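The block underneath contains the structure these notes are about, expressed in structure tokens.
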Amino acid sequence: MGDGHLKHIIKNKPGIIFPGIFFLAFLISHCAKKEETRELRPESAVTITEIDSAASQQLLAELLDLQTQIREHPSDVELRKLYLAKSIDSQTGAIRTAGIGLPPQNSPSALISQQAAERAALMDAGRWIAYILEWRQHIDSPDFGSISGDIPGTKIIYKNLTPDTVEVLVQAQTS
């Protein structure tokens, strides 16, 4: 099938070629990739709440204060007992704990910085859950600063965002 075949089609059916060309031009013009630019911005307010906001803020502040005290006195069993009492919901068995995350210093954007701080806050909260699970079994060990263990799944129930930190209150179900 050489050039003669194509000439035969064009001579005998010229109406097929021109509508086909128009159809292709239509497809190309309407299916072309349209670029859309959106600016991604970090969240600027407290967002996630499942329990009363005022109660969440208060619990978050109390847990963060106890965490600071435990860091300063890593062997203090009484502080651990207070932390366990604040963290564990005796009715549901849920563990609520706090985490704090700081943004990286040289981040390319505010959004990336906020996301990194939130991941750090979640990791911090997970570490405290590991301590809680261990201290429920053995209140006198381990001292703060030396823990390893499995962490159950968590969900953020409250988040406080500031330009300098992300604070989260998370909940884990242990039963």
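The values are calculated or read from the model by the stated rules, or taken from the named source; none is laboratory data. As the structure is a prediction and not an experimental result, all values here were calculated from the model. Neighbour counts are summed over all protein chains in view; Cβ atoms, including those assigned to glycine, are modelled from backbone coordinates with ideal geometry.
Residues that are crowded, with 18+ Cβ neighbours inside 10 Å, touching a Gly at 6+ places or on another chain (Cβ under 8 Å), in contact (Cβ under 8 Å) with a residue 40 or more places away in the chain and charged (D, E, K, R) do not occur anywhere in region 155-166.
Scanning region 129-151 for residues that are surrounded by 14 or more Cβ atoms within 10 Å (Cβ to Cβ) and under 16 Å from G93 (Cα atoms) gives I129, A130, Y131, I132, L133, E134, W135, R136, I151.
Of all the residues in region 68-91, those that are at pLDDT 90 or above and in contact with a Gly (Cβ under 9 Å, 6 or more places away or on another chain) number 1.
Reported count of residues in region 81-114, each being assigned to a helix (DSSP H, G or I) and in contact (Cβ under 8 Å) with a residue 24 or more places away in the chain, is 9. With respect to (1) under 18 Å from the mean Cα position of the chain (by Cα); (2) among the hydroxyl-bearing types (S, T, Y); (3) more than 14 Å from A98 (Cβ to Cβ), the lone exception for T154 is condition (3).
Scan region 59-80 for residues that are of a type in the set (D, E) and either touching a residue at least 12 places away in the same chain (Cβ under 8 Å) or under 23 Å from P152 (Cβ atoms) (or both) and the total you get is 1.
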